[in-house]
Amino acid sequence: SGVTIDGVKLKDNIVETDTINEKTSTSGVTIDGVLIKDGLVDGKDVSSLSAGLTEYDQWNITSNITSNTDPITSGFARPTGTLQTKLGTGMSHSSGIWTFPSTGIWKVGFQIKSLVNSDGEIADGHIYATDDNGSAWDELAVGGTGEAGSGNGRGNANIWVVLDIEDVSTDKVYFRASFNGAGVINGNANAGLSWFWFQKLAET
């Protein structure tokens, strides 16, 4: 049965108790080098942590884009095919500017299926980000299809970035399409050809 001392049971090198209190009210409790104090573990709030992926959202481009578009403000929708869904709250957007549902480390991508018709043409997708609610934007990634010979050039590009979203009111992204010549970024209302995607990797 072990030994019980002042309500704490000791048996087979195991301490059994319901509560561990600080000896000094400002010090917290250290267990095997890990400090627990005032609901924090080593100074970090872990109350919102959960196992596995908590947020994933995808928006398909529903029709071809054939001209410079900065930003892409319409012509996209969440996929509605069999079994397709989002995970978590999902993203919101206004005039092509995308807002995150929560802070954290996010992976943001642009899957691009594109076509160019002749030498020198380019069809590209771009990812931009701001940390001041749009007062300034930085281009973070660009990719697509270019043609350096004769005949059509077809290709796929998947560009992505990892962002630390610290404030959902100021930290946002947008997507752009650019062309040199008569290129196309392919879209389809029923099947995903090109799309935007957002995946939350971790809390901060």
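The values are calculated or read from the model by the stated rules, or taken from the named source; none is laboratory data. Treat the numbers as computed from the prediction; the structure is a model and nothing was measured. Here the Cβ is made from the backbone with ideal geometry for all residues, glycine too, and neighbour counts use every protein chain on show. Side chains included, ligands, DNA and RNA excluded: accessible areas come from the protein's heavy atoms. Shrake-Rupley method; radii C 1.70, N 1.55, O 1.52, S 1.80 Å.
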So between residue 21 and residue 78, what do we pick up on full extension, going 0.36 nm a residue minus the alpha carbon distance?
-> 15.5 nm
Student exercise, the chain dipole from Lys, Arg, Asp, Glu Cβ charges, in Debye to nearest 20 | 740 debye
Treating the beta-carbon of each Lys and Arg as +1 and of each Asp and Glu as -1, no other charges, what is the dipole magnitude of region 112-195 about its Cα centre, to the nearest 20 debye?
-> 560 debye
Have a look at 169, 182, 198 and report the one farthest towards the positive end of the charge dipole of region 164-204, computed about the Cα centre with Cβ charges (Lys/Arg +1, Asp/Glu -1).
-> 182
Over all alpha-carbon pairs of region 2-105, lay out the pair-distance distribution in 10 Å bins, whole %, shortest bin first.
-> 10, 23, 20, 14, 13, 11, 6, 1
Extension gain from residue 9 to residue 105, taking 0.36 nm per residue of separation minus the Cα-Cα distance | 30.3 nm
Ranked output for segments 24-32, 171-179 by mean other Cβ atoms within 10 Å, highest leading, reads 171-179, 24-32
Could you please state how large a percent of the accessible area of the chain is carbon and sulfur, counting protein chains only and using a 1.4 Å probe?
-> 48 percent
